[in-house]
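Worksheet: one structure, shown below.
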Amino acid sequence: MVIGAGQAGLSVSFYLQRLGLEPGQDFVVLDRGPSTGGAWQSRWEALRIGSAHRINDLPGMDALGVSFETADRALPARDVVADYYRQYEGHYNLQVRRPVDVKRVFNRGAELVVGLDNEEVTTEIVVNATGTWGSPFVPWYPGLNDFEGRHVHTTDYRSAAEFEGQSVVVVGGGTSAIGFLLELENVASDLTWVTRRPIEYLDGGELNLEAGAAAVAKQDEAARAGRALPSIVSGTGIPRTRRIQSGIDRGLLVAKPMFSAIEPHGVRWDDGTFQEADVIVWSTGFRPELRHLAPLKLREKEGGVSVGNGSAWKDPRIFFAGYGPQASTIGANRAGRQIARQVIATLSNLG
Ligand code: FAD
């Protein structure tokens, strides 16, 4: 059972099929989203192919005659990804079942059971490819719940128009925060950017999510040790594109340090400075979406799940695709190949 039909789940499915398993019969892919595209289908309209980081093609996508490399950079990434994934699922006949929400995975004696809305299904192996989009993270600050304005996480952001004439504080040092600031510049009445750390800009136009070998290694180490996963961008920095450089030059992309408290009508720093706010936009990242696995008790006391060679140390029947160091489209592809091979090996051990 593969849970999730994003880049990671589709990539695993491709390789499972290539290694001889029949989709819909030997393995089943479930996804709770209404349509194709994984998390991309829910991303905001203004995120274009050209403003996303590089989106890597799925394995075997060349057979369809499409590629993200040649996609129109001005189109919304969500539409292009949803379209290409739809073609891909059709071409390889992956028979993804949606919308199917996996509520919980648990043991019943020796059986591994997957609980859906109205049904329970047994399986030998679970490949968890559920990404992070469903598990937005907002850090706690004093007064968080007293704020009388609106909290908006990256996952809630739809378009700049809804912030027209409002005073907005954007929190976070990643590309989503920067993208929102660029969009809101002439829309919000007032725009403030705060980050926990000063931004480290990289010279060169494109962020290769895996180029920061140290950042990936940190993630891998945390995943193996069962610790909560650090953010990838905090380790790789932000590419200094022309658009970003010009935002820095005109004073838009200049971050203040983090505020220390939230008040009903704004945010306050340690030195007493106050900024009024109608909205706080939290571009503060995500955590792996693992709630449905809670009954398996895979979490370590350090907060994460110990994953080595693709599966949980505590239960080698549970694989993780797109987890930790694999949380990019290229990482998810690589995970697909490795995990599919290990799934086959595990199945043959089970007889
Ligand atoms: P997802 O695409 O999140 O797929 C997981 C799927 O699992 C979803 O379809 C979801 O519906 C399903 N699911 C979750 N829980 C359940 C459940 N309980 N039951 C059933 N189904 C479930 N990476 C890049 O390489 N390039 C980029 O440009 C890039 N831009 C990004 C921009 C943003 C704003 C964010 C947040 C991330 C970005 N990433 C980018 C990283 C991105 O997350 C990965 O690239 C990749 O798309 C993740 O694929 P995935 O398959 O792991 O997860």
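Hey, could you check the range 22-63 for residues that are of a type in the set (A, V, I, L, M), more than 6 Å from the ligand (Cβ to nearest atom) and not in a helix (DSSP H, G or I) and say which is surrounded by the fewest Cβ atoms within 10 Å (Cβ to Cβ)?
46
When you look at residue 98, is it in contact (Cβ under 8 Å) with a residue 24 or more places away in the chain and under 24 Å from residue 340 (Cβ atoms), yes or no?
Yes, satisfied.
Between a first residue in the range 296-322 that is hydroxyl-bearing (Ser, Thr, Tyr) and a second residue that is assigned to a strand (DSSP E or B), which pairs have beta carbons less than 8 Å apart while being 6 or more apart in sequence or on different chains?
Taking only residues 6 or more apart or on different chains, the pairs are 306/312; 311/318; 311/319; 311/320.
When you scan the range 185-207, do you find a residue that is part of a helix (DSSP H, G or I) and either within 21 Å of the chain's Cα centre (by Cα) or at pLDDT below 95 (or both), even just one?
Quick first cut of the range 185-207, residues part of a helix (DSSP H, G or I) only: none.
Scanning the range 185-207, I find no residue that is part of a helix (DSSP H, G or I) and either within 21 Å of the chain's Cα centre (by Cα) or at pLDDT below 95 (or both), so the answer is no.
Looking only at the range 125-161, filter to residues that are hydroxyl-bearing (Ser, Thr, Tyr) and assigned to a loop (DSSP other than H, G, I, E, B); which one of those is surrounded by the fewest Cβ atoms within 10 Å (Cβ to Cβ)?
Only one residue tops the list, namely 159.
If a residue must be within 21 Å of residue 188 (Cα to Cα), within 16 Å of the ligand (Cβ to nearest atom) and of a type outside the set (Val, Ile, Thr), how many such residues does the range 249-304 contain? First the steps, then the outcome.
As a first pass, look at the range 249-304 and keep what is within 21 Å of residue 188 (Cα to Cα): 249-259, 262-268, 273-284.
Now drop any that are not within 16 Å of the ligand (Cβ to nearest atom), which leaves 281-284.
Then drop every residue that is not of a type outside the set (Val, Ile, Thr), which leaves 282-283.
Of the residues in the range 249-304, 2 are within 21 Å of residue 188 (Cα to Cα), within 16 Å of the ligand (Cβ to nearest atom) and of a type outside the set (Val, Ile, Thr).
Name the residue, out of 228, 215, that is modelled with pLDDT under 85 and farther than 26 Å from residue 141 by Cα.
Only one candidate passes the filter, namely 215.
Restricting to the range 67-89, give me the number of residues that are in a helix (DSSP H, G or I) and either closer than 19 Å to residue 39 by Cα or in contact with a Pro (Cβ under 7 Å, 6 or more places away or on another chain) (or both).
Qualifying residue count, the range 67-89: 14.
How many residues does the range 1-21 hold that are of a type in the set (Gly, Ala, Ser), in a helix (DSSP H, G or I) and more than 9 Å from the ligand (Cβ to nearest atom)?
Residues that pass the stated criteria total 1.
Just one of the numbered conditions (1) closer than 27 Å to residue 116 by Cβ; (2) in contact with a His (Cβ under 7 Å, 6 or more places away or on another chain) is not true of residue 342; which one?
Unmet for residue 342, out of (1) closer than 27 Å to residue 116 by Cβ; (2) in contact with a His (Cβ under 7 Å, 6 or more places away or on another chain): (2).
Pairs please, first residue from the range 70-84 and among the aromatic types (Phe, Trp, Tyr), second anywhere and part of a helix (DSSP H, G or I) and within 13 Å of the ligand (Cβ to nearest atom), Cβ atoms under 9 Å, 6+ apart in sequence or on different chains.
84/68
Hey, could you check the range 126-175 for residues that are in contact with a helix residue (DSSP H, G or I) (Cβ under 6 Å, 6 or more places away or on another chain) and of a type outside the set (A, V, I, L, M) and say which is nearest to the ligand (Cβ to nearest atom)?
131
Read through the list (1) farther than 26 Å from residue 14 by Cα; (2) modelled with pLDDT of 85 or more; (3) not small (Gly, Ala, Ser), then give the number of the only condition that residue 288 fails.
(1)
Please determine whether any residue of the range 84-96 is of a type in the set (D, E, K, R), under 19 Å from the mean Cα position of the chain (by Cα) and surrounded by 15 or more Cβ atoms within 10 Å (Cβ to Cβ).
Taking the range 84-96 first, the residues of a type in the set (D, E, K, R) are 86, 89.
Filter once more, so that each one left must be under 19 Å from the mean Cα position of the chain (by Cα): none.
Checked the range 84-96: no residue is of a type in the set (D, E, K, R), under 19 Å from the mean Cα position of the chain (by Cα) and surrounded by 15 or more Cβ atoms within 10 Å (Cβ to Cβ).
Note down all Cβ pairs under 9 Å where the first residue falls in the range 35-58 and is under 14 Å from residue 72 (Cα atoms) and at pLDDT 95 or above, the second is hydroxyl-bearing (Ser, Thr, Tyr) and crowded, with 20+ Cβ neighbours inside 10 Å, and they're at least six residues apart or on different chains.
none
Condition test on residue 22, is it acidic (Asp, Glu) and free of Cβ contacts under 8 Å to residues at least 40 places away in the same chain?
Considered against the rule, which asks whether it is acidic (Asp, Glu) and free of Cβ contacts under 8 Å to residues at least 40 places away in the same chain, residue 22 comes out as yes.
Go through the range 239-259 and give me each residue that's out of contact with any Phe, Trp or Tyr (no Cβ under 6 Å at 6 or more places or on another chain), surrounded by fewer than 20 Cβ atoms within 10 Å (Cβ to Cβ) and outside any helix (DSSP H, G or I).
Step one: of the range 239-259, the residues out of contact with any Phe, Trp or Tyr (no Cβ under 6 Å at 6 or more places or on another chain) are 239, 241-254, 256-258.
Add one more test, that the residue is surrounded by fewer than 20 Cβ atoms within 10 Å (Cβ to Cβ), and what stays is 239, 241-243, 245-252, 254, 256-258.
Within the range 239-259, 239, 241, 250, 251, 252, 254, 256, 257, 258 qualify.
The values are calculated or read from the model by the stated rules, or taken from the named source; none is laboratory data. Being a predicted model, the structure only gives us computed values, none of them experimental. A quick note on method: Cβ atoms are made from the backbone with ideal geometry, for glycine too, and the neighbour counts reach across all protein chains shown.
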